[in-house]
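Take a look at the structure below.
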Amino acid sequence: MNYQIVLLFIIAVLNAFFSYFILGRGKTKTNVLFSLIILSVASWALFLGFFISTKDLGDALIYADIYYISAAIIPTLFFLFTIYFNSSKEFSKKILISLIPMIVIIGAFLFDKNLLLKEIFFFEDGTKGVILNKEMYLGYVAYFLFFVFLAYYNLINSYKKAGEKLAKLQFKFIFFGTTISYVLGMVFNLFLPWKDYSLIWLGPPFTLILVVSLGYAIIKHHLFNVKVIATEILTFALWIFILLRTILATSLEDQIINGIILLVVIVAGILLIRSVIKEVETREKIEILAKDLENTNVKLEDANVKLKELDRQKSEFLSIASHQFRSPLSAIKGYASLIIEGSYGKMEEKIKQPIKNMFDSTNSLALIVENFLDVSRIEQGRMEYKFEIAKIDELVFHVINEMKPSIDESCLEFSFNYDKSAEYNAKVDVGKFKQVITNLIDNGLKYTKYGWLKLELKRVNENKILFKLSDSGVGIPKKELSGLFTLFKRAGNANKVNVKGTGLGLYIVKKFMEAHGGRVWAESDGEGKGAEFYVELKTS
């Protein structure tokens, strides 16, 4: 078997497998049209090989008709390909009309066996000679050139409209790759046969340029990864080697054995290439995800900087606003107190309660403003502490006396237990520590409507003092205990008892105790079962 036939068969096999790979990447309009173009090229090369190899002139005429039909399909499909490449267009009747000339030519070939070739004969050296039906052949050439011209007209327009750099690059590959293939292919398959039919076998090899350029444009570099290329080259080389052994085998037994080996190697090669492509695609996806994650991290860092700046501005605003509120509130509170005490004369009974309500509300608002000021100072790192040795039991008594009106008004069973013989000295900021005890007692009064409120003070050991406040109030759901001392955090059931809470008190208590080198925590058996608050301090 001569090298021309072997080459044509190899081209047919390569194109057939390439068509399979393209369809395996998705059955889009572009992929389907491209696969049909490749199959047409494969059919053209295959039957041209049969034409050259056959010794029967009748079979040669049939093979010639088939390879001319296959070649006629290529420009029409290429024209359709240029319409739908990188486009969301749907198939339309107007575009499908372009298939009519191709269908007419195929029908003509089937109707008339001598449509293009009047006669096929043998030369003395065994090669075939052909006498063309020149009028019909000229129409065939015109049909071919017409659709090639339309295809390139579409390509140029699409290139001009393409906005993305990648899209323009794809159109360039299609334009230059197919131009080389069409020019050389038409020279050897359309024009030279007028003078010399023996060079017609040179057309199909040049279609490899067309196939590669279209494939490269479709798959956007994915199949042409270095690792994939190496695998494909190795696999295709092995296929071709075994195919040649099968074709050139001298006995039927060798041909059967080599054919079976070829089938096995083809299946194994397809699976190998698929696995490598999948591995490459997975790696590319990971790289894209990593890049997206990197970009997200950068955005998050920028957002974090902006959030910190907003948080700083918020704290400054709270500080300024709280300072501005404090002065008028102190004035209102002071005047209300003077009115209640009778400094402005005897007060009528009907206005006593309203004035007292005004005083209580102003006092509550003043405490909230003071809490906001404390929070802003803590977050800005401007909170100042003046530590001194103090007796914790005396400080607790002092707070109880200050809060006695509220405690009496609550009608709760109230007690403070401690060992009077023990010493409870610790280094504290007196004002801040009193605020801690005040907040905890106030919390107990707000969320305990019935029952008792118990205070305990004891020495845990030589180095630690423990203050405990327990109540029979609403309790704390266990799942909310861990976040109880965070900013603006309140237990879910707190609003049922007291809607005026701000979620600032316990946060301030925690920050004050951290500054003292101590700690605070809460315990509860659950909702409706009361709660215990613990304050632990180091002794002096």
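Residue by residue, here is whether (1) modelled with pLDDT under 90; (2) outside any helix (DSSP H, G or I) holds:
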position	(1), (2)
Ile407	yes, no
Phe416	no, yes
Ala422	yes, yes
Val428	no, yes
Phe433	no, no
Asn439	yes, no
Asn443	yes, no
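Do any residues in region 112-138 that are small (Gly, Ala, Ser) have Cβ atoms under 9 Å from those of residues that are in a strand (DSSP E or B), where the two are at least six apart or on different chains, and which pairs are they?
These pairs meet every condition: Gly129/Glu119; Gly129/Ile120; Gly129/Phe121; Gly129/Phe122.
With respect to Glu394, determine if the residue is part of a strand (DSSP E or B) and modelled with pLDDT of 90 or more.
In short, no.
Tally the residues that are surrounded by 13 or more Cβ atoms within 10 Å (Cβ to Cβ) and at pLDDT 70 or above, restricting the search to region 306-352.
Result for region 306-352: 8.
If a residue has to be more than 43 Å from the chain's Cα centre (by Cα) and touching a residue at least 60 places away in the same chain (Cβ under 8 Å) to count, how many in region 503-527 make the cut?
Of the residues in region 503-527, 4 are more than 43 Å from the chain's Cα centre (by Cα) and touching a residue at least 60 places away in the same chain (Cβ under 8 Å).
Part of a helix (DSSP H, G or I), modelled with pLDDT under 80 and more than 16 Å from Gln4 (Cβ to Cβ) - does that describe any residue in region 192-200?
Yes, there is a match, as at least one residue in region 192-200 is part of a helix (DSSP H, G or I), modelled with pLDDT under 80 and more than 16 Å from Gln4 (Cβ to Cβ).
Taking the stated definitions as given, is Leu214 surrounded by 11 or more Cβ atoms within 10 Å (Cβ to Cβ), under 30 Å from Tyr68 (Cβ atoms), modelled with pLDDT of 65 or more and of a type in the set (A, V, I, L, M)? Reasoning before the result, please.
Values: surrounded by 11 or more Cβ atoms within 10 Å (Cβ to Cβ): yes; under 30 Å from Tyr68 (Cβ atoms): yes; modelled with pLDDT of 65 or more: no; of a type in the set (A, V, I, L, M): yes.
Here the answer is no, as Leu214 does not meet what is asked.
Would you confirm whether or not region 533-540 contains a residue that is at pLDDT below 90, in a loop (DSSP other than H, G, I, E, B) and closer than 20 Å to Asp393 by Cβ?
Looking through region 533-540, at least one residue is at pLDDT below 90, in a loop (DSSP other than H, G, I, E, B) and closer than 20 Å to Asp393 by Cβ.
The values are calculated or read from the model by the stated rules, or taken from the named source; none is laboratory data. Given the structure is predicted, the values throughout are model-derived calculations rather than measurements. We place every Cβ from the backbone using ideal geometry, glycine too, and count neighbours over all the protein chains shown.
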